[in-house]
Amino acid sequence: MTTAEQQLFINGAFTDGAGSQTAEVISPATGERVGSFPLPVAADLDAAVEAAHRAQRAWAGVNVWDRAAACHRIADEIDKRRDELARLQTLEQGKPLAESVADVTETAQLFRLHAEDAVRLNGETLLSRDNSKKMFTFHRPVGTWAIITPWNFPLLMFAEFAAPGLATGNALIVKPPANTPLTVLKAMEAVAAAGLPEGLVNILPGDGPFGDALVRHPGIHAIGFIGSSATGAKITAAAGLKRSLMECSGNGPLVVLADADLDAAAKAAVDGAYPCAGQVCCATERVVVDASVHDAFVEAVLRESERVRLGDPFDDKTVLGPLNNEGVAAKMDRHMADARERGAEILLGGARRSGMPTDLYYEFTVVDAVPEDSLLSREESFGPVVPIITGRDEDDLLRIANDDALGLQGAVFTSSMKSAFRFMEELEVGQVIVNESNNWWDINMPFGGAGSRGTGWGRIGGKWTLMDMTDTRTGVISL
């Protein structure tokens, strides 16, 4: 296997940085070494902040149409490198190659989408009570953003911040996680080829303590984060009054009402559980089904599960690859043990598969009779599991669905328009998907958590991210 030795990316150039230590990336799929990168130190962070400030001041003054053109060039350069980036991402992350190809393709689409969003980010003319005043709003970049991204979608979630951030005139210092930084670092070849000003994008992968230093650095004006709610809480505590855009954990329910199309609901439950090995914030985490259709629904889920093939992520027939790291695998083990102790029925899977290249290959799992107070119900499992909880009627299904501390995204299956609108209004999540998997999204829709839940704030997707990454300014002219 060819290794990918990478460097930090600071001030428009690849560099070994000021430190002396390096870290290795091990493939969850093969157990082999994928590559290495230098661990950044405080001097590297200072250099990146200085470069970002210098570049951002000039970039903010560039015409928005020219910034949009630069984003289109980045998209073109990413497209040229699609196969190389996809292969590297699968090596370090573990997801099937077809998923990585889709991620890289969507990364380029995000740069194009936000380029077009930026040139249409219009202000408003406001009516004043004073006839001698004319008021209007406009948008200005915030400045230098610290971006902290997760390991499940290394390149795509970099782009979810980088594309709108660059299009609106911001500079970025990005900290990918230490276990999947290589794809993002490799993608900087595309950014450099697109001709962006030096220092506008800086990549410093590292661990938690380095992330804390990044968030606390006085030169950081705002923070963008995608990851767990626990880490998000630490970041907001350290950030103080800095602007932040936070997209955190989900435990979203898929609710199956008595009048649902059960085959479609079962397919959606399975489709929401295996992509990225279930390591998705809007994956199938809890399925809440009406007791009157429970048995038929479970049978349909087991039929659908037959197509989920676990194996080598570079095999075209594989749809379920390994988990990314031991922490997630151990969590699945813990949730399965708790489910067994509480009387749940494991109908399929429920354990790691032996005889694989690593110990991170987890069987596709279906669990029935899941108690409401079990870990499977209360915590985000982040693995390939369909946990099934039974409710008595529509009111009970809604109660169970909302009986959770995380409200990111949910789904409901019903043939009743009345019930669909009730769940859209009353399900305490940021997005409600009707008659489709809750592991569904579109890059042009606003994605984020409900305000009363521990899933963060702000929106990822479409014009809403551009609005979150800019200041809305007001101008008043006295005539």
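The values are calculated or read from the model by the stated rules, or taken from the named source; none is laboratory data. All values reported here derive from a predicted model rather than from experimental measurement. As a convention, Cβ positions derive from the backbone with ideal geometry for all residues, glycine included, and neighbour counts pool all protein chains shown.
At-a-glance table
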read-out	value
Selection within segment 266-303 - of a type in the set (D, E, K, R) and either within 15 Å of the chain's Cα centre (by Cα) or assigned to a loop (DSSP other than H, G, I, E, B) (or both)	GLU285
Tally, over segment 436-459, of residues that are closer than 25 Å to VAL270 by Cα and either surrounded by fewer than 19 Cβ atoms within 10 Å (Cβ to Cβ) or among the hydrophobic types (A, V, I, L, M, F, W, C) (or both)	10
Filter result for VAL25 (touching a residue at least 60 places away in the same chain (Cβ under 8 Å) and over 24 Å from the mean Cα position of the chain (by Cα))	no
Residue among ALA52, ALA18, ALA47 that is part of a loop (DSSP other than H, G, I, E, B), modelled with pLDDT of 95 or more and either on the phi < 0 side of the Ramachandran plot or of a type in the set (S, T, N, Q) (or both)	ALA18
Count of segment 90-107 residues which are over 21 Å from LEU323 (Cβ atoms) and free of Cβ contacts under 8 Å to residues at least 40 places away in the same chain	1
Segment 424-440, subset among the β-branched types (Val, Ile, Thr) and not in a loop (DSSP other than H, G, I, E, B), residue farthest from CYS282 (Cα to Cα)	VAL434
Looking only at segment 165-186, and only at residues there that are outside any helix (DSSP H, G or I), of a type in the set (A, V, I, L, M, F, W, C) and touching a Gly at 6+ places or on another chain (Cβ under 8 Å), the one that is surrounded by the fewest Cβ atoms within 10 Å (Cβ to Cβ)	ALA178
Within segment 49-86, tally of residues that are among the β-branched types (Val, Ile, Thr) and surrounded by 21 or more Cβ atoms within 10 Å (Cβ to Cβ)	3
Answer from ASP290, ASP295, ASP315, ASP333 - the residue that is touching an Asp or Glu at 6+ places or on another chain (Cβ under 8 Å) and acidic (Asp, Glu)	ASP290
